[in-house]
Amino acid sequence: MEQLAGRLRESLSLLPEVEVVETDPLVIAQANPLNFWSLFTSALESGKSVAVLSPEWPADWLAQLGDHASAYDPEVSPSILIPTSGSSGIPKFCIHTMDTIISAAAAFNSIAEDKSIRHNINVLPQYHVGGMMPVFRSVIAGGKTHFADYRHSESIDKAPFPAEEACISLVPTQLRRMLEEPALCSVLQSMGMVLVGGAACGDRLLAEAREKQIRLAPCYGSTETAALVTLLDPQAFLEGVSGVGNPLPRVRISLGEENKVEVTSASNCLGYWPAGIEYKRDPFETNDIGMLEPSGNLHILGRADRVIITGGEKVIPEIVEAAAQASGLVEEVNCFGTPDPDWGMRVELEFTTKRKATGVEARLEAWLKDWVPPYAVPKSITRIEGRLTNEMGKHTQK
């Protein structure tokens, strides 16, 4: 572990000295990436486990999860406790180890090294698995990580390595905003690979990235799998292939009950903490509804826990959302169900727009009537102010 910690420090230059609290696990709730990784590497050097918290969480979440972390007695030391997104209730920890993390990083690097990519530009929060893994990928590949703000091209341009030798990981909201800004779009066009995951990408967004010749690699994974386990080759994407790609080396993807995606991989976490939450590691059954092509290319249709049953019909909200995005009338959109005495559940939709406009609701309803079955057309369509997704592009709970 000391050797790995040393490689982390080498990959991340200018790590500040920070005071490490003598607890095991070490609880880290840091927004600043250099402070985060200084604490993380110090914990590794002393053989401590780590529990990661988001400093943006409500105080009661931080207190409760801090208590959970303090009560953790690792079966494998050091363990890395990474929280799930918390989109539905208080988050829980996924129990990872350096073996699961290194397995995930090595699987990605076996693809990336064929494209001469060994560096990473990191614009995601460190307290999410999507913001942690680029650092480990760089370390395992012998490369470097550059922390940047995706909203400012000059922040990314300061990276101490050629863009064509680097990968940047984005969520769809970040991708859309970068494509809209000429300077940021130029940055993306120079990158060796642009990973996009964490949430569904609409067809219009993918078409725009393809038109602008972005070497996009749609991918699929979760906190439980230490981030991505499938990846669509950027050249295949540019040639018009859809989906989230084939399994990485030493990963197997299958479909289980109700076509839920199942993942068999050495990168799968060991379980959840607090204990008592049902979990099967091999294979890990996700809550995502998938479709597999004969080639092995995976398509994600939606979340099983978001399916709306209305009048006996199943509505996949992601399909309604994709249709709404295709209209060009909305920026963000969220389809969800509410209780209804006649239909069981009622389909509703909220959306945001960039500009003030009148009559958007009526035009969007007319558009959806041509794109989705009658039972899937929302009974209520409402424009709201503010954000519909969190910093990782995931819908907030309704």
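Expressed as a whole percent, how much of the Cα-Cα distance distribution for the range 113-190 exceeds 19 Å?
31
Could you identify which residue out of A357, A183, A112 has the top mean-square fluctuation in a GNM of the chain using Cα springs shorter than 10 Å?
Most flexible of the set in this elastic network: A357.
Just to confirm, what accessible area per residue do you get for the range 162-260 at 1.4 Å probe, in whole Å²?
That works out to 39 Å² per residue.
Over the range 304-366, with the other protein chains present, what is the accessible area per residue in square angstrom, probe 1.4 angstrom?
49
Among bridges DSSP assigns within the chain, what percent are antiparallel (round to 5)?
65
Just report the Cα centroid separation between the range 204-231 and the range 367-385, whole Å.
A separation of 27 Å, based on Cα centres.
Report, in deg cm²/dmol and to the nearest 500, the calculated mean residue ellipticity at 222 nm for the chain, where each DSSP H run with n ≥ 4 adds -39500 (n - 2.57) and the sum is divided by the residue count.
Calculated at 222 nm, the ellipticity per residue is -9000 deg cm²/dmol.
Mind checking the dipole of the range 264-398: about its Cα centre, +1 per Lys or Arg Cβ, -1 per Asp or Glu Cβ, Debye to the nearest 20?
Dipole about the Cα centre, nearest 20: 320 debye.
Where only protein heavy atoms count, and the probe is 1.4 Å, what is the accessible area per residue for the range 42-157 in Å²?
Heavy-atom SASA per residue in the range 42-157 reads 36 Å².
Within the range 260-398, how many lysine pairs that are 8 or more places apart, or on different chains, have C-alpha atoms less than 20 Å apart?
Taking the Cα cut-off of 20 Å, the pair count is 9.
With only alpha-carbon pairs counted, each pair once and no self-pairs, how large is the Kirkwood hydrodynamic radius of the chain in angstroms?
About 22.0 Å for the chain.
Under 19 Å between alpha carbons, and skipping anything fewer than 8 positions from K158 in its own chain: which aspartates and glutamates qualify?
Reachable aspartates and glutamates: E10, D149, E181.
State the cysteines of the chain left without a partner when partners are defined as other cysteines whose beta carbon lies under 4.7 Å away.
By the Cβ distance rule, which asks for a partner under 4.7 Å, the isolated cysteines are C167, C185, C201, C219, C335.
Using a probe of 1.4 angstrom, how much of the accessible area of the range 314-364 is carbon and sulfur, in percent?
55
For a test of the definition: using alpha carbon positions, the gyration tensor, and the 1.5 limit on a/c, classify the range 167-314 as rounded, prolate or oblate.
prolate
Against the 2.2 N^0.38 Å scaling, with N counting residues, where does the range 53-134 land? I'd like the Cα-based Rg ratio to two decimal places.
Normalised Rg, Cα atoms only: 1.28.
Taking the Cα centre of the range 54-122 as the origin and placing charges on Cβ (Lys, Arg +1; Asp, Glu -1), which of I80, N120, P91 is farthest toward the positive end of the dipole?
Of the listed residues, the answer is N120.
Nothing charged except the Cβ atoms of Lys and Arg (+1) and of Asp and Glu (-1): what's the magnitude of the dipole of the chain about its Cα centre? Round to the nearest 20 debye.
740
So how long is each side of the range 237-374 along the principal axes, counting just the alpha-carbon atoms, biggest first, in Å?
Sorted largest first, the three principal extents are 52, 45, 27 Å.
Just to check I understand the Karplus step: with θ = phi - 60° and J = 6.51 cos²θ - 1.76 cosθ + 1.60, what whole-Hz values come out for the range 289-304, glycine and proline as x?
8, x, 9, 10, 6, x, 6, x, 5, 9, 10, 9, 8, x, 9, 4
Name the long-range amide H neighbours of G221: under 5 Å, sequence gap of 5 or more, or other chain; modelled H, no Pro or chain starts.
Result for G221 returns G198, V229.
The values are calculated or read from the model by the stated rules, or taken from the named source; none is laboratory data. Predicted model only: the values in this text are computed from it and were never measured. Counting neighbours? That spans all protein chains shown, and the Cβs are built from the backbone with ideal geometry, glycine included. Surface areas here come from the heavy atoms of the whole protein model, side chains and all, with no ligands, DNA or RNA. Shrake-Rupley method; radii C 1.70, N 1.55, O 1.52, S 1.80 Å.
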